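Visitor: Submitted below is the structure of interest, expressed as structure tokens.
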Amino acid sequence: MGTAPRPDPLAFLGDELADLRKRHLFRPLRVMSSAQGPVAVMDERLVISLSSNDYLGLTHHPRMKRAALDAVERYGAGSGAVRTIAGTMTLHEELEAELARFKHTEAVLTFQSGFTANTGVIPAITGEDDLIVSDELNHASIIDGMRLSKAPRVVYKHADPASLREVLAGAVRRGRDGQGTPYRLILVVTDGVFSMDGDIAPLPEIVEAAEEVGAAVMVDDAHASGVLGRDGRGSVSHFGLEGRVAVQVGTLSKAVGVLGGYVAGSQSLRDILIQRARPFLFSTSHPPAVAAACLEAIRIMQDEPELIERLWANTRRFKAGLTRLGFDTGRSETPITPVILGDSETTIRFSNRLFEEGVFGTSVVYPTVALDRARIRTIVTAAHTDEMLDEALGVFDQVGHELGVIRG
């Protein structure tokens, strides 16, 4: 007798995938076969890319490539271990010292990504006697970091200082036991720039509200790094709040053009993260080429301010073009410019038609955004030319009329 086939315990995943496709929420990966840049080959098609986080175009910078190659020649391909075992190299220490100077903080600790920086720092510095207060639209990595903490958490309305003050006042009044016993720490967490809508957090008002009750502020500056502030130092610099934000999280994977994340703050913060932050303790450190290229990027950002100037000139040009065509770009204030179309099916069709016409603009649908707020999420970079942006706007115009999204 033959053996009966074993049932597949993961068969339900096929049903879930079928449901995603039926609801027009399934998105296949596009595969790039060229170097990352303002123009790239995606799925064997040459397209203008509006979906890269390489804000300053540093992935191709000759100084970056030279730094990476020199590091490989000197130090090899990998670091060999977790940093607390045998994986801390001089390059890691140099990068963190340079970042601390750049961010005007006492110290910095690097992580493997911005996501792991958030999931590392939040549970490492908060516990049962603390409270986390979060903007309702904070990044998924902040949400996951809060879930990993034993601290209770409350949410305030997006970018609404009045809502934050109300939440903080109630928390102080009730205390951690409902009887007014003070929390050890109240940590207010916000993105600096929100990754889906491109709006900037009202950081001065957030800091003032936190200071009124003795709370600490943590800012995730992933999409502000290299974009806002002097030489791209981020939203804290942009608003002149140096010394008033306890924890700054940044990324090395976007404007810096390489890979990784970091936490900037006091020396005590760095030291406790080395002892407690699980992503740091259980992940191999950055390869030498990555650390060296990141280090060079921070120097380039200070040596070549024209890159940020070009980024913002391109941003203004593209936003004005989309507005002129009649598209809804929401509350964007930064190079992240959503083209809000509404329903998921229309948005995915729009993205596919853009791609067929030579423009790569990623569709973002539920659950990343609300069901009725599906959008094409665009990002311009310093590497785009006027001609590229005008060509992309022409395609948006063509597809918008074709699908009935814009009329006239």
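The values are calculated or read from the model by the stated rules, or taken from the named source; none is laboratory data. Owing to the predicted nature of the structure, the values given are computational and were not obtained by experimental measurement. Note that each Cβ is placed from the backbone with ideal geometry, even for glycine, and that neighbours are counted across all protein chains shown.
Visitor: Between a residue in the range 164-186 that is of a type in the set (Phe, Trp, Tyr) and any residue that is surrounded by 14 or more Cβ atoms within 10 Å (Cβ to Cβ), which pairs come within a Cβ distance under 7 Å, given they are 6 or more apart or on different chains?
Guide: As it stands, the answer is TYR183/ASP129; TYR183/ASP130; TYR183/LEU131; TYR183/ARG176, since those pairs meet every condition given.
Visitor: Which one is farthest from LYS254 (Cα to Cα), of the residues in the range 326-381 that are aliphatic (A, V, I, L, M) and in a helix (DSSP H, G or I)?
Guide: From the range 326-381, those aliphatic (A, V, I, L, M) are 336, 339-341, 348, 354, 359, 364-365, 369-371, 374, 376, 379-380; that's our starting set.
Of the ones still in play, those that are also in a helix (DSSP H, G or I) are 348, 354, 371.
Values: ILE348: 25, LEU354: 24, LEU371: 27 Å.
Ranking the qualifying residues of the range 326-381, first place goes to LEU371.
Visitor: Which residues, taken from the range 284-325, are assigned to a helix (DSSP H, G or I) and of a type in the set (Gly, Ala, Ser)?
Guide: Residues of the range 284-325 assigned to a helix (DSSP H, G or I): 288-303, 306-325.
Matches in the range 284-325: ALA289, ALA291, ALA292, ALA293, ALA297, ALA313, ALA320, GLY321.
Visitor: Return the residues of the range 122-140 that are farther than 17 Å from TYR156 by Cβ and of a type outside the set (Val, Ile, Thr); say none if nothing qualifies.
Guide: Those that are farther than 17 Å from TYR156 by Cβ and of a type outside the set (Val, Ile, Thr): PRO123, ALA124, GLY127, GLU128, ASP129, ALA140.
Visitor: Could you tell me whether any residue of the range 249-262 is within 18 Å of HIS139 (Cα to Cα) and assigned to a helix (DSSP H, G or I)?
Guide: So far as the range 249-262 goes, no, none of its residues is within 18 Å of HIS139 (Cα to Cα) and assigned to a helix (DSSP H, G or I).
Visitor: Name the pairs: first residue in the range 369-389 and farther than 14 Å from ASP197 by Cβ, second residue among the polar types (S, T, N, Q) and at pLDDT 95 or above, Cβ to Cβ under 6 Å, at least 6 apart or on different chains?
Guide: Listed pairs, sorted by first residue: VAL380/ASN314; VAL380/THR315; HIS384/ASN314.
Visitor: Is at least one residue of the range 381-403 crowded, with 24+ Cβ neighbours inside 10 Å and hydroxyl-bearing (Ser, Thr, Tyr)?
Guide: As a first pass, look at the range 381-403 and keep what is crowded, with 24+ Cβ neighbours inside 10 Å: 381-384, 392, 396.
Then keep just the ones that are hydroxyl-bearing (Ser, Thr, Tyr); that gives 381.
Within the range 381-403, one or more residues are crowded, with 24+ Cβ neighbours inside 10 Å and hydroxyl-bearing (Ser, Thr, Tyr).
Visitor: Could you identify the single residue in THR362, THR385, THR337 that is at pLDDT 95 or above and under 17 Å from the mean Cα position of the chain (by Cα)?
Guide: Details: THR362 fails: at pLDDT 95 or above; THR385 fails: under 17 Å from the mean Cα position of the chain (by Cα).
Exactly one residue qualifies, and that residue is THR337.
Visitor: Of the residues that sit in the range 299-329 and are small (Gly, Ala, Ser) and surrounded by fewer than 17 Cβ atoms within 10 Å (Cβ to Cβ), which one is farthest from the chain's Cα centre (by Cα)? Full working, then the answer.
Guide: Pass one, the range 299-329, residues small (Gly, Ala, Ser): 313, 320-321, 326.
Okay, now just the ones that are also surrounded by fewer than 17 Cβ atoms within 10 Å (Cβ to Cβ), so 313, 320, 326.
Numbers: ALA313: 22, ALA320: 24, GLY326: 28 Å.
Per the stated criteria, the residue is GLY326.
Visitor: When you go through LEU69, LEU99 one by one, which is the residue that is surrounded by 23 or more Cβ atoms within 10 Å (Cβ to Cβ), of a type outside the set (S, T, N, Q), at pLDDT 95 or above and out of contact with any Cys (no Cβ under 6 Å at 6 or more places or on another chain)? So that I can check it myself, show each step before the final result.
Guide: Values: LEU69 fails: surrounded by 23 or more Cβ atoms within 10 Å (Cβ to Cβ).
Sole residue among the options that is surrounded by 23 or more Cβ atoms within 10 Å (Cβ to Cβ), of a type outside the set (S, T, N, Q), at pLDDT 95 or above and out of contact with any Cys (no Cβ under 6 Å at 6 or more places or on another chain): LEU99.
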